[in-house]
Amino acid sequence: MRLHWLDRPAPYLPVWQAMQDFTESRQADTPDELWLVEHAPVYTLGQAGLESHILNPHGIPVVHCNRGGQVTYHGPGQVVLYTLVDLRRRGMFVRDFVALLEQSVLDVLADLGVPSACRKPGAPGIYVPQSALAQGRQGGALAKIAALGIKVRRGCAYHGVALNVGMDLSPFSGINPCGYAGLQTVDLQACGVRAGLTDVGDRLARHFSAAWETAGR
């Protein structure tokens, strides 16, 4: 599996177009690739996304893309792992691939001292309980730290997962994150973790690669 760090911060549209071009041109024996990137500020609205979930973009561009899911924000301080992989060749179902992506994030968070991170039934992505935040809030409410969305074309997946590392979280207030009104969005910094974006991205790619190599076999 080939790993590439893209130039940062990267505008969203050229990267999205490059993912589509790669997927359309790949052959049965084309090696899978992982792309790591930090995007310039952008809101992306999924294929079935509702405009009503964009509350106030404050001048941040909005891009309608072809991944699954609703609206999310990408920007500096967030690492995105794009997974350009052949599911059909691996013999993997989409639901299992989503679970693998989520587990890769959970493994990274456990490495970095956030073992309480979890999934939320019916809401793809990774969440942390209020009690895991550095300010020590109590309660059972969950805050989102990683969002995911994929597109499958001819048995091959692209798009991927975005993990908030240390970023300006205020743009999330301009949307209903992932279609959920009032959903709190946090980053590793809010969990008391000081980590470099490159280190977190490399960890995420390593965990995903290791799981991918053994999956579907």
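The values are calculated or read from the model by the stated rules, or taken from the named source; none is laboratory data. Not measured: the values here are computed from a predicted model. Cβ sites come from the backbone with ideal geometry, for glycine too, and all protein chains shown count toward neighbours.
Values as computed for the structure displayed
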{"read-out": "Residue in segment 34-57 that is surrounded by 14 or more Cβ atoms within 10 Å (Cβ to Cβ), in contact with a Cys (Cβ under 9 Å, 6 or more places away or on another chain) and in a helix (DSSP H, G or I) present", "value": "yes"}
{"read-out": "Among the candidates Val42, Val71, Val98, residue that is under 15 Å from Tyr158 (Cβ atoms), β-branched (Val, Ile, Thr) and at pLDDT 95 or above", "value": "Val98"}
{"read-out": "Gly166 touching an Asp or Glu at 6+ places or on another chain (Cβ under 6 Å) and buried (at least 18 other Cβ atoms within 10 Å of the Cβ)", "value": "yes"}
{"read-out": "Residues that are of a type in the set (Lys, Arg) and on the phi > 0 side of the Ramachandran plot, drawn from segment 6-58", "value": "none"}
